[in-house]
Amino acid sequence: MKSIGIVRKIDELGRIVLPIEVRRGMGLEPRDAVEIFVDGESVVLRKYEPCCVFCGDAGDVVYFMDKRVCRACLRRLADMD
């Protein structure tokens, strides 16, 4: 992970403000959903994209190389060899 040198405090309700540079870099717009993961002692935020990155199907989606891909597209990718 890369440090960007910005520190934010958590408010009384447990909220933090993501700096505009981070939001722009992640392509986050107001009201976008983010996923929250815990990795050891780190908290990881990722833009929530519930559908396949290739076809947009939201059913039967799995993670492949850190991206959401439906099983049909996974089979098509496997057939490309």
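The values are calculated or read from the model by the stated rules, or taken from the named source; none is laboratory data. Please read these numbers as outputs of a predicted model, since none were measured by experiment. Note: ideal-geometry Cβ built from the backbone for every residue, glycine included; neighbour counts use all protein chains shown. Side chains are part of the model used for accessible areas, which takes the heavy atoms of the whole protein and leaves out ligands, DNA and RNA. Shrake-Rupley method; radii C 1.70, N 1.55, O 1.52, S 1.80 Å.
I'd like the full set of residues that are open to solvent by 70 Å² or more (accessible area, probe 1.4 Å) and under 26 Å from E29 (Cβ atoms), limited to the stretch 60-81. First the steps, then the outcome.
Filtering the stretch 60-81 down to residues open to solvent by 70 Å² or more (accessible area, probe 1.4 Å) leaves 60, 63-67, 71, 75-76, 79-81.
Passing the criteria: Y63, F64, M65, D66, K67.
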Kindly indicate whether any position in the stretch 19-31 is under 30 Å from C73 (Cβ atoms), outside any loop (DSSP other than H, G, I, E, B) and either aliphatic (A, V, I, L, M) or open to solvent by less than 60 Å² (accessible area, probe 1.4 Å) (or both). yes
Just wondering, is there one or more residues in the stretch 47-68 that are within 17 Å of the chain's Cα centre (by Cα) and touching a residue at least 40 places away in the same chain (Cβ under 8 Å)? no
Just wondering, is there one or more residues in the stretch 62-70 that are touching a helix residue (DSSP H, G or I) at 6+ places or on another chain (Cβ under 6 Å) and outside any strand (DSSP E or B)? no
Would you point out the residue of the stretch 32-59, among those that are at pLDDT 90 or above and among the aromatic types (F, W, Y), that is most open to solvent (accessible area, probe 1.4 Å)? F54
For the stretch 1-18, enumerate the residues that are open to solvent by 80 Å² or more (accessible area, probe 1.4 Å) and either of a type in the set (K, R) or modelled with pLDDT under 90 (or both). M1, K2, S3, I4, R8, K9, R15
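Residues F54, F37: which one is at negative phi and in a strand (DSSP E or B)? Outline the logic, then answer.
Values: F54 fails: in a strand (DSSP E or B).
After ruling out the rest, the residue left standing is F37.
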